[in-house]
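See below for the structure under consideration.
The values are calculated or read from the model by the stated rules, or taken from the named source; none is laboratory data. What you see is a predicted model, and the numbers here were worked out from it, not measured in a lab. Methodologically, a virtual Cβ is constructed for each residue, glycine included, from the backbone with ideal geometry; neighbour enumeration extends over all protein chains shown.
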Amino acid sequence: MAIANESRQEEQNMREEHHGAGRYWLIWVLLLVLTAVTVVTGRIHIPTWGLVLALVVATTKGTLVLLYFMHLIDHRGANRLVFAVSILFVVLMLAIPLVDLGTRYRGATPPGSTVSDMQAIDIGADAMEGRFGGGLRKEGKTGEQSGSPRQ
């Protein structure tokens, strides 16, 4: 019965409190500014903090929409708890893989990735020469054409 009473109490509080349109215009302007930040930072290359900035801006925009346009800021109790737990899980689901990636030892990081300092191995040219058991043969000393089978 506590949940039903809480819903009735919230319903009465929402009827009594009417918010003006000014709050919604302010949130809309903030969302436009954050969208402009997303567009500007997306066009410039920020190698170190680009991903973190994009995630913070996206989370902030989503939180503003949830709190004000979906009226979560006016609710109490279970709705706020569900919102807080979902934000906690989003942070955990992003932080745990990023910490794992950042703390890997050198042998587990593939060569050529953005977090590795090892050189990428180019096997494309070697495969064309037939060193790895396939590919096309180049024209050799005997005058064979590339790709022609030996007889």
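For the stretch 75-89, the set of residues classified as surrounded by 14 or more Cβ atoms within 10 Å (Cβ to Cβ), within 12 Å of THR63 (Cα to Cα) and not β-branched (Val, Ile, Thr) consists of PHE83 only. Return yes or no: is LEU51 in a helix (DSSP H, G or I), farther than 20 Å from GLY22 by Cα and modelled with pLDDT under 85? In short, yes. When the stretch 63-79 is filtered for residues that are without any contact (Cβ under 8 Å) to a residue 24 or more places away in the chain and in contact with a helix residue (DSSP H, G or I) (Cβ under 9 Å, 6 or more places away or on another chain), the ones remaining, listed by number, are LEU66, LEU67, LEU72, ILE73, ASN79. Checking each residue in the stretch 29-53 for being free of Cβ contacts under 8 Å to residues at least 12 places away in the same chain and either β-branched (Val, Ile, Thr) or surrounded by 14 or more Cβ atoms within 10 Å (Cβ to Cβ) (or both) picks out VAL29, VAL33, VAL39, VAL40, ILE44, ILE46, THR48, VAL52.
One residue stands out among those in the stretch 96-122 that are within 17 Å of the chain's Cα centre (by Cα) and surrounded by 11 or more Cβ atoms within 10 Å (Cβ to Cβ): the one that is modelled with the highest pLDDT, which is LEU98. Beta carbons closer than 8 Å, at least 6 apart along the sequence or on distinct chains, pair a first residue in the stretch 80-104 that is among the small types (Gly, Ala, Ser) with a second that is exposed (fewer than 11 other Cβ atoms within 10 Å of the Cβ) for GLY102/VAL115. Scanning the stretch 61-74 turns up one or more residues that are surrounded by 14 or more Cβ atoms within 10 Å (Cβ to Cβ) and either of a type in the set (Gly, Ala, Ser) or within 16 Å of the chain's Cα centre (by Cα) (or both).
Tallying residues that are basic (Lys, Arg) and under 13 Å from the mean Cα position of the chain (by Cα) within the stretch 33-60 yields 0. Looking at the structure I just gave you, is LEU26 assigned to a helix (DSSP H, G or I), at pLDDT 85 or above and of a type outside the set (Phe, Trp, Tyr)? Yes: the conditions hold for LEU26.
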